[in-house]
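The values are calculated or read from the model by the stated rules, or taken from the named source; none is laboratory data. Please read all numbers here as calculations on a predicted model, not as lab measurements. All Cβ positions, glycine included, derive from the backbone under ideal geometry; neighbour counts span all protein chains shown.
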Amino acid sequence: MPAPSGLSGAALTAQALTGVASPRAARPRIGRRGLPMLSAIPLFAGLSKRHLRHVADLAEEVRFRDGTVMVRAGTPGRALYVIAEGRARVARGVVPIGRAIARLGPGDFFGEIALLDGGPRSASVVADGPVVAIRLMRGAFLKLMRSEPAIAMAVVQTLAQR
Ligand code: CMP
């Protein structure tokens, strides 16, 4: 699967304008082969096999190169990301050149705030090295929050810490 950050020309310009690191084009869902990856992520660890399969049908795997702004401060939020592999830093500003306010690693998620409050992204999240992430579009994430109390609790606990 091509990396979103591997785009060039018009797609990169679109990324710079929208702050969204991946194109609108549909990506294959991670499907059943992604189940081991999903079940290793603490956010999904409490789910039954059936529910995990449901998440797998909704989720997409996306890959980012080092330095990619995966979500950009001030832009609308369309998706939640869970890091499967790699590291990221959270920094303030549309151009996130300042000090990191948080560091994220495997199992951590980001992008939940804009989905929940409907406002713009509160910070930028930048890949520190290559990142493999699970992406859940807004509708799928909100549906999961409603149907899976364990996921909703985990999200709320993390939100409170942030
Ligand atoms: P959102 O506002 O949608 O987009 C930026 C994301 O950065 C935000 O959701 C959180 O997931 C994450 N974020 C913002 N502030 C912090 C923080 N202080 N610690 C960790 N993550 C944060």
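Quick notes
- Filtered residues of the range 107-130 (kept if assigned to a strand (DSSP E or B), within 8 Å of the ligand (Cβ to nearest atom) and surrounded by fewer than 20 Cβ atoms within 10 Å (Cβ to Cβ)): Pro120
- Taking the criterion of being buried (at least 18 other Cβ atoms within 10 Å of the Cβ) and of a type outside the set (Gly, Ala, Ser), the residues of the range 91-106 that qualify are Pro96, Leu104.
- Subset of the range 80-93 [of a type in the set (A, V, I, L, M, F, W, C) and within 16 Å of Gly107 (Cα to Cα)]: Leu80, Val82, Ile83, Ala84, Ala88, Val90
- Pairs with Cβ under 9 Å, 6+ apart, first in the range 47-60 and touching a residue at least 12 places away in the same chain (Cβ under 8 Å) and surrounded by 14 or more Cβ atoms within 10 Å (Cβ to Cβ), second hydroxyl-bearing (Ser, Thr, Tyr) and part of a loop (DSSP other than H, G, I, E, B): Glu60/Ser22
Results for (1) over 24 Å from Gly93 (Cα atoms); (2) modelled with pLDDT of 95 or more, shown as yes or no for each residue.
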| residue | (1), (2) |
| --- | --- |
| Ala123 | no, yes |
| Arg146 | yes, no |
| Ile151 | yes, no |
| Gln161 | no, no |
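- For the range 140-157, filtered to residues that are within 15 Å of the ligand (Cβ to nearest atom) and either without any contact (Cβ under 8 Å) to a residue 40 or more places away in the chain or not in a helix (DSSP H, G or I) (or both), the residue that is surrounded by the most Cβ atoms within 10 Å (Cβ to Cβ) is Met145.
- The set of residues in the range 70-84 being in a strand (DSSP E or B) and within 12 Å of the chain's Cα centre (by Cα) consists of Met70, Val71, Ala79, Leu80, Tyr81, Val82, Ile83, Ala84.
- Answer from Gly93, Gly67, Gly98 - the residue that is more than 16 Å from the ligand (Cβ to nearest atom) and in a loop (DSSP other than H, G, I, E, B): Gly67
- A residue that is of a type in the set (Lys, Arg), touching a Ser or Thr at 6+ places or on another chain (Cβ under 7 Å) and farther than 23 Å from Ser147 by Cα cannot be found anywhere in the range 81-101.
- Meets criteria (of a type in the set (A, V, I, L, M), away from the ligand (no atom under 13 Å from the Cβ) and in contact (Cβ under 8 Å) with a residue 40 or more places away in the chain) for Ala84: yes
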